[in-house]
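**Q** Just dropping this structure here.
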Amino acid sequence: MTDQDIDPAEALEIAGRARAGLAERNLSPWWYAPVYGAGVGVSMSSFGLTGFSSAAAAVGGLAVVLSAYAVWSRSTGVSVHGFRAGKPGWIAAGLVLFLLGVSAAGLWLRARYGYDWAPFAAAAVAAAGAAIGSRLWDAAWLAQLRAGR
Amino acid sequence: MAPRLDLVIHAPARLQICAIHSAVDEAEFAFIRDEVAVSDSVLSKHLKQLEEVGYVKARKATVASRQRTWLSLTRKGRTAFTGHLAALERLVSSAKLAAE
C-alpha cells in the first residue's frame with residue numbers, strides 16, 4: 001500500500017467509529033457503582049473501628065472493590081484504569097481528594113469533639129460519594145468514546 | 001507527537017484494533033473479534049502483524065480453567081497510532097485547504 005492509496009478522511013472515520021462503537025456495549029452495568037460505593041464505605045468504616053475488626057473492614061472493603069472490578073472486567077472483556085486523560089481523569093482525582101477530605105473530617109470530629117460516630121458517618125458519605133463518582137466517571141468515559149476520542 | 005503515517009496500522013482492521021485499544025487499557029481477544037467483526041484466524045493474522053512490529057502485546061490469563069488472551073497497545077504502538085491519526089488529520093486539513 002502506498003500513500004496514494006490512503007483515504008485519510010475515511011480512515012479517521014473508521015477509527016472514530018471503532019471507538020464510538022465501544023460505547024454501545026454494556027460497559028456500565030447498573031450494579032457496579034453501588035457495589036463500588038459499598039466497598040469504599042466498608043473500607044472507610046475501618047477508621048471508626050479498632051483492632052481486628054478495623055483491619056477486617058479495611059481488607060474486606062478493598063476486596064469488594066477489587067472483586068467488583070474483576071467481575072466487571074471479565075464480563076465486559078475490557079480493562080481500564082481510572083486516571084485516563086481528560087474528564088474521567090479529573091473525576092478520578094476529584095474522588096480521591098473527596099475521600100481523603102471526608103475521612104479526615106470524620107477523624108477530626110472524633111478527635112476534637114469525641115464524636116465516635118463521625119468516622120461511620122464519614123464512611124456513609126464516602127460510600128455515596130464513591131457511587132456517584134463512579135457513575136460520573138462512567139458517563140464521562142462513555143461520552144469520550146461516543147465522541148470517538 | 002510527530003504526525004507520521006504508519007502503513008502497518010493503516011489497514012482498516014488494524015486501524016480498528018488500534019482505535020479500540022487506544023480507548024481501553026486491555027481488551028480480550030473475543031471482544032476485539034466481535035467489535036472488528038472478523039473471524040478468529042483473521043484477527044490472529046492482524047494481531048501477529050501488530051505484535052511483530054511491537055505495537056501490541058498479549059497476556060494469557062486462566063479463569064475458571066478457561067484460558068483467555070488479553071491484548072493491549074504497547075507504548076510504541078500508542079505513539080505510532082497517535083502519530084498516524086495526527087498525520088491523517090493533517091492530510092484531511094491540507095485537502096480541505098486545497099479545495100477552498
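**Q** From the backbone phi of the range A:77-93, what are the Karplus-calculated ³J(HN,Hα) couplings (6.51 cos²θ - 1.76 cosθ + 1.60, θ = phi - 60°) in whole Hz, Gly and Pro given as x?
**A** x, 10, 9, 9, 9, x, 8, 7, 5, x, 4, x, x, 5, 5, 4, 5
**Q** Work out from phi, with θ = phi - 60° and the Karplus expression 6.51 cos²θ - 1.76 cosθ + 1.60, the ³J(HN,Hα) of each residue of the range A:99-107, listed in order in whole Hz, and give x for Gly and Pro.
**A** So the J values, rounded to whole Hz, are 5, 5, x, 5, 5, 5, 5, x, 5.
**Q** Between B:LYS76, B:LYS45, B:LYS60, find the one with the highest GNM mean-square fluctuation for chain B; connect C-alpha pairs within less than 10 Å.
**A** Its mean-square fluctuation being the largest, the pick is B:LYS60.
**Q** By per-residue mean of other Cβ atoms within 10 Å, what is the highest-first order of A:128-134, A:58-64?
**A** A:128-134, A:58-64
**Q** Let me ask something else about it. Indicate the gyration tensor shape class of the protein assembly as shown (rounded, prolate or oblate), computed on the Cα atoms with a ≥ b ≥ c the square roots of the eigenvalues: a/c under 1.5 is rounded; otherwise a/b larger than b/c is prolate and the rest oblate.
**A** Note, shape of the protein assembly as shown comes out prolate.
**Q** Taking 0.36 nm per intervening residue step and subtracting the Cα-Cα distance, what contour gain separates A:ARG146 from A:SER67 on full extension?
**A** Extra length available between A:ARG146 and A:SER67 comes to 25.7 nm.
**Q** Can you compute 3J(HN,Hα) from phi for each residue in the range A:113-130, using the Karplus curve 6.51 cos²θ - 1.76 cosθ + 1.60 with θ = phi - 60°, rounded to whole Hz and x for Gly and Pro?
**A** Using θ = phi - 60°, the values come out as 10, x, 7, 5, 7, 4, x, 6, 4, 4, 5, 5, 5, 5, 4, 5, x, 5 Hz.
**Q** What average count of beta carbons from other chains do you get within 10 Å of the Cβ of residues in A:78-87?
**A** 3
**Q** Gaussian network model of chain A, Cα springs within a sub-10 Å range: biggest mean-square fluctuation belongs to which of A:PRO119, A:PRO29, A:PRO88?
**A** Most flexible of the set in this elastic network: A:PRO29.
**Q** Right, something else. A:ARG135 accessible area, nearest 10 Å², 1.4 Å probe?
**A** Roll a 1.4 Å probe over it and A:ARG135 shows about 100 Å².
**Q** Quick check for you: with a 1.4 Å probe and neighbouring chains kept, what is the accessible area per residue of the range A:1-111, in Å²?
**A** Normalised by residue count, the accessible surface of the range A:1-111 is 53 Å².
**Q** A drop of at least 40 square angstrom in accessible area, chain alone versus all protein chains together, probe 1.4 Å. Which residues of the range A:8-24 meet that?
**A** At a threshold of 40 Å² (probe 1.4 Å), the residues of the range A:8-24 that become less exposed are A:PRO8, A:ALA11, A:LEU12, A:ILE14, A:ALA15, A:ALA18, A:ARG19, A:LEU22.
**Q** Please state the shape class of the range B:19-68: rounded when a/c is under 1.5, otherwise prolate if a/b exceeds b/c and oblate if not, all from the C-alpha gyration tensor.
**A** In terms of gyration-tensor shape, rounded.
**Q** For an R0 of 45 angstrom, estimate the FRET efficiency from the Cβ-Cβ distance between A:TRP31 and B:ALA98 and round to the nearest 0.05.
**A** Calculated transfer efficiency: 0.30.
**Q** Now a separate question. Gaussian network model of chain A, Cα springs within a sub-10 Å range: biggest mean-square fluctuation belongs to which of A:LEU27, A:LEU12, A:LEU97?
**A** A:LEU12
**Q** Nearest 100 Å² is fine: how much accessible area is buried between B and A, summed over both sides, with a 1.4 Å probe?
**A** Chain pair B/A: roughly 2400 Å² of buried accessible area.
**Q** Taking the Cα atoms only, what angle lies between the long axis of helix B:12-23 and the longest principal axis of chain B, rounded to 10 degrees?
**A** 80
**Q** Right, next: What aspartates and glutamates does A:LYS87 reach when the alpha-carbon gap must be under 14 Å and sequence neighbours fewer than 8 apart in one chain are set aside?
**A** The reachable aspartates and glutamates, counting only those whose Cα sits under 14 Å from A:LYS87, are A:ASP138.
**Q** How many Lys pairs in chain B lie less than 26 angstrom apart by Cα atoms, where the lysines are 8 or more positions apart or on different chains?
**A** So the count works out to 8.
**Q** Shape call for the range A:46-149 from the C-alpha gyration tensor, a ≥ b ≥ c root eigenvalues: rounded (a/c under 1.5), prolate (a/b greater than b/c) or oblate?
**A** It comes out oblate by the Cα gyration axes.
**Q** While we're on this one: State the percentage of accessible surface on the protein assembly as shown attributable to carbon and sulfur atoms; use a 1.4 Å probe and exclude ligands, DNA and RNA.
**A** 62
**Q** Under a crude label model (7 Å from the Cα following the beta-carbon direction), how far is A:SER54 from A:SER75 in nanometres?
**A** Between A:SER54 and A:SER75, the simple spin-label model gives 3.5 nm.
**Q** Provide the gained length on full extension for the span B:ARG90 to B:SER41, in nm with one decimal, where the gain is 0.36 nm per separating residue minus the Cα-Cα distance.
**A** Separation in residues times 0.36 nm, less the Cα-Cα distance, equals 14.2 nm.
**Q** Now, a different point. Would you kindly find the accessible area of A:ARG146, with a 1.4 Å probe and non-protein molecules such as ligands, DNA and RNA excluded, rounding to the nearest 10 Å²?
**A** About 130 Å², rounded to the nearest 10.
**Q** Whose amide H sits under 5 Å from the amide H of A:TYR115, counting only residues 5 or more places off or on another chain, with H placed in the peptide plane?
**A** When sequence neighbours closer than 5 places are left aside, the close amide H contacts are A:ARG110.
The values are calculated or read from the model by the stated rules, or taken from the named source; none is laboratory data. Nothing here was measured: the structure is a model prediction, and the numbers come from that model. As a convention, Cβ positions derive from the backbone with ideal geometry for all residues, glycine included, and neighbour counts pool all protein chains shown. We work out accessible area using only protein heavy atoms, side chains counted, and drop any ligands, DNA or RNA first. Shrake-Rupley method; radii C 1.70, N 1.55, O 1.52, S 1.80 Å.
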